[in-house]
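Inspection log for the structure reproduced underneath, given as structure tokens.
What follows draws every value from the coordinates through simple rules; no lab data is involved. Nothing here was measured: the structure is a model prediction, and the numbers come from that model. Backbone-built Cβ (ideal geometry, glycine too); neighbour counts: all protein chains shown.
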Amino acid sequence: MEIIKLRENGLSNTFLIVEQNKFLLVDPSSSIEEVRDEIGKFQILKCADLSILTPNYSQNGLQSTLHSTVNLPLSSNKSEETQNGNNKVLQWGNSSAIPSADNKILECAGVFVTHCHFDHIYYIEEWARAGAVIFCSEQAYQNMQDININASKMFTEKSFVVDRDNCVFVKEGDKINLNETQFIVLETAGHTNCSISLFRANSLFCGDLIFAGGYVGRTDLPTGSVQELDKSLEKINKLSKPLTVYSGHGSRFTI
């Protein structure tokens, strides 16, 4: 797995998580053209009919629900059929433009929304229109359409609306498989009530939950909560160390 920081400057960081020429764009705060300028031509995979498997288990009268995005296969073959009800196929968004052999080709599996603030989702509509899968919490999907909650009222007064069919709602413990790499979703509210993080092994993508130097995200914006932030920080403290943190602003750091 390779992690590329696409933007060194700007309102927020954009990371590419690359695994065997498939990548997740963490926080769609860079435009498609900016990504092309950085990595060359690429194809965008489209969500055909993707849902999260939520099986119910019962034992000795105790109920528990497991939420997991199980085995998301990637395919460039439009005629390929889904082989079972739980595994859905991510299709090409546009297979008509074939890059030349000397261009680096990366297939965009999707974008991961850490939270609803405008500086982290500025180009989300562009990515959704191109067919990229939008991984976000259901609360973030609602929040980003409100100019007060997405904090754009202070600057651009822009709401962000994407087609529900382009979205995959994720929750605590959900798993996103990118070829051989599995990422776990953590609910990390506090900066906003919709904040989520992406965790794998010793890497954490946490949006504005925490920054280098021990600073944490502000809680004075709509839906922010000091109490929820403390709970999220306790959750992060329980993860295995050392942990490389890729935050929404600034350079990566280790805790």
Exposure proxy ranking, count of Cβ atoms within 10 Å, fewest first, for HIS120, HIS115: HIS120, HIS115
Length gained if ASP146 through ILE105 is fully extended, taking 0.36 nm per residue and subtracting the Cα-Cα distance, is 11.2 nm
With each pseudo-label sitting 7 Å past Cα toward Cβ, what's the SER31-HIS249 distance in nm, one decimal? 2.3
Assertion target for MET1, MET154, ordered by fewest C-beta neighbours within 10 angstrom first, is MET154, MET1
Linear extension gain, MET154 paired with ASN21, 0.36 nm per residue minus alpha-carbon span: 44.0 nm
Going 7 Å from the Cα of ASP230 in the Cα-to-Cβ direction, what parts of the range 186-200 have a backbone nitrogen less than 18 Å from that spot? 188-193
Peptide ranges 185-192, 19-26, 219-226 listed from the most packed, as the mean C-beta count within 10 angstrom indicates: 185-192, 19-26, 219-226
